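Trainee: Could you have a look at this structure, given as structure tokens, before my questions?
The values are calculated or read from the model by the stated rules, or taken from the named source; none is laboratory data. Nothing here was measured: the structure is a model prediction, and the numbers come from that model. Here the Cβ is made from the backbone with ideal geometry for all residues, glycine too, and neighbour counts use every protein chain on show. The protein model used for the area step is the full one, side chains on, heavy atoms only, and it has no ligands, DNA or RNA in it. Shrake-Rupley method; radii C 1.70, N 1.55, O 1.52, S 1.80 Å.
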Amino acid sequence: DLSMRKVAARIGCSPTAIYLHFKDKAELVQALCDETFAGLNKRLEALANKHADPLDYLNAGLRAYIDHGLKHPSHYHVVFIAGPRSVDYQFEGSMGQRAFQFLSGCVARGMEAGRIRKGDVEVTAQTLWMAVHGLVALLISDRSFPFVAQKKLIDQLMHTLIDGLKT
């Protein structure tokens, strides 16, 4: 469970010092979410300029999401597992919503271009996110399962997802 006291202990300061920067846990979680998503959004924007084909961009974007989560496991845990459930996270207008709009926009463009089979854009986008989220969450939180090499898992998941969407 995420608490201001645990955050203070983790960063080596007093709980009082945290309250000089954040009025409460909700504001701290919102700031951490926004910071994490800002980094991801920057990567997704850069990829958009490199990939004209929606499937190529989707593949690259989902891989960037996975990579971002694996490189920042503590942030990922707070942003996607512990934080938002513990506070009233404001998704509307957030950096998180913006990141998800990259995904749903890419799916919509892929459907319009005939590269992704027609379907419900939101259902498809949320399903893709759930798949990559599950992979990242398990890789950063379950140390007891004898996973095969991460690269093999990531490549197989991406192959399954992308090929499953093709027309």
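Trainee: Within a Cβ distance under 13 Å of Ile162, other residues only, what is the Lys/Arg minus Asp/Glu net charge? Provide the component values of the computation, followed by the final result.
Mentor: On the way: positive: Arg63, Arg115, Arg117, Lys166; negative: Asp53, Asp56, Asp155, Asp163.
Once all neighbours under 13 Å are counted, the net charge is 0.
Trainee: Please compute the per residue accessible area over the stretch 1-65 with all protein chains in place, 1.4 Å probe, rounded to a whole number of Å².
Mentor: On a per-residue basis, 58 Å².
Trainee: Mind checking the angle between helix 54-71 and the chain's longest principal axis? C-alpha axes, 0 to 90 degrees, to the nearest 10.
Mentor: Long axis of 54-71 versus the principal axis of the chain: about 30 degrees.
Trainee: Cα-based Rg of the stretch 32-167 per 2.2 N^0.38 Å, rounded to two decimals?
Mentor: 1.04
Trainee: Let me ask you something else. Would you calculate, for the chain, the mean residue ellipticity at 222 nm contributed by helices, counting each DSSP H stretch of 4 or more residues as -39,500 (n - 2.57) and dividing by all residues, to the nearest 500?
Mentor: Values: 9 runs with 118 residues, N = 167.
Theoretical 222 nm ellipticity from helices: -22500 deg cm²/dmol.
Trainee: Assuming a strict under-18 Å limit between Cα atoms, what lysine pair count do you get for the chain once near-sequence pairs (fewer than 8 apart, same chain) are dropped?
Mentor: Eligible lysine pairs with Cα atoms under 18 Å apart amount to 7.
Trainee: Put +1 on the Cβ of every Lys and Arg and -1 on every Asp and Glu Cβ in the chain; which of Ala108, Gly61, Ile154 then has its Cα farthest towards the positive end of the dipole?
Mentor: Of the listed residues, the answer is Ile154.
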